[in-house]
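Report on the structure given below.
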Amino acid sequence: MKKQISIEVPNDWSAITFKQYSRLQDKLKSYEDEVDAQNMILISELCDISVDTLIHLDKGLLENITGELTQFLNKTEYPLQKLIRVDGVEYGFEPNLSQMSYGAYLDIAKFKNLELNDDWLGVMSILYRPIKNKRGALYSIKPYKGYEEWDKEKWEGVGMDVHFGGFFFFSRLYKELLQGILNYTKSQMGMYPNIKSILERSGENIQQLHNWQVMTSSSLIK
């Protein structure tokens, strides 16, 4: 006897939570050279269908679903969303990064190679905090109190459109910052004979900025 099932195919990253994305990445890594297996995993994870059910579906239907999914999977350039609502609470992105508390800066800086993994959930817990006051487009957020207020489980349930927006914002920011540092260094070479020794002492920090620049390619679906 035939069984009728309903398949909901997402058409945007906003329909995919960070938890789903992370689980999908883990499973795809196990089948890097097997395209058919990866397509089955994509459909199973993103459309919430068991593999046992998938193997009984028509091949043409599976190809159509795969085609719909691939239309948005590589479109990850989302704008930064400054205001979002999570579990009924409105959160605001750090409104002035240049005046971010030193404690928040230190907690972010300890992640040397940020990718879209468990560490990123910590960064989101730092940068997005509950709104304290808001007037028009202006707002302020609650002070950062430290690691004890991180809630990674909460950010696991947030859509990937929000995560991609914050992720690429930092990718561009640090790329521009790194380039600015390099340009400034080149302009100072003739003025300071000891610039080489200064750079050697600063190498670790510059390498950390470089790691931020290249983190994007290692975190996205191929």
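The values are calculated or read from the model by the stated rules, or taken from the named source; none is laboratory data. This is a predicted model, so every value here is computed, not measured. Note that we place each Cβ from the backbone using ideal geometry, even for glycine, and neighbour counts take in every protein chain shown.
Annotations for the structure displayed:
- Within segment 98-123, considering residues that are farther than 20 Å from ARG23 by Cβ and among the aromatic types (Phe, Trp, Tyr), the one surrounded by the most Cβ atoms within 10 Å (Cβ to Cβ): PHE111
- A single member of ILE84, ILE16, ILE43, ILE65 is buried (at least 16 other Cβ atoms within 10 Å of the Cβ), touching a Pro at 6+ places or on another chain (Cβ under 9 Å), modelled with pLDDT of 90 or more and not basic (Lys, Arg), and it is ILE16.
- Filter pass, SER44 being touching a residue at least 60 places away in the same chain (Cβ under 8 Å) and either of a type outside the set (Phe, Trp, Tyr) or over 30 Å from ILE84 (Cα atoms) (or both): no
- Close Cβ contacts (under 6 Å, 6 or more residues apart or on different chains) running from residues in segment 119-135 that are touching a residue at least 24 places away in the same chain (Cβ under 8 Å) and under 15 Å from LYS154 (Cβ atoms) to residues that are of a type outside the set (Val, Ile, Thr) and in a helix (DSSP H, G or I) comprise LEU121/LYS152; LEU121/TRP155; MET124/TRP155; ILE126/ALA104; ILE126/ASP107.
- Pairing each residue of segment 138-167 that is farther than 16 Å from ASP87 by Cα and of a type in the set (A, V, I, L, M, F, W, C) with any residue that is outside any helix (DSSP H, G or I) and at pLDDT below 90, provided the two are 6+ apart or on different chains, yields C-beta distances under 6 Å for PHE164/THR76.
- Here THR53 fits the description: polar (S, T, N, Q) and either at pLDDT below 90 or in the same structural domain as LEU121 (by TED's automatic domain parsing) (or both).
- Residue match in segment 95-115 (condition: at pLDDT 90 or above and in contact with a helix residue (DSSP H, G or I) (Cβ under 8 Å, 6 or more places away or on another chain)): no
- The criterion of at least 2 residues that are at pLDDT below 55 is met by the following helices (runs of 4 or more DSSP H) wholly inside segment 124-222: 160-188, 195-214.
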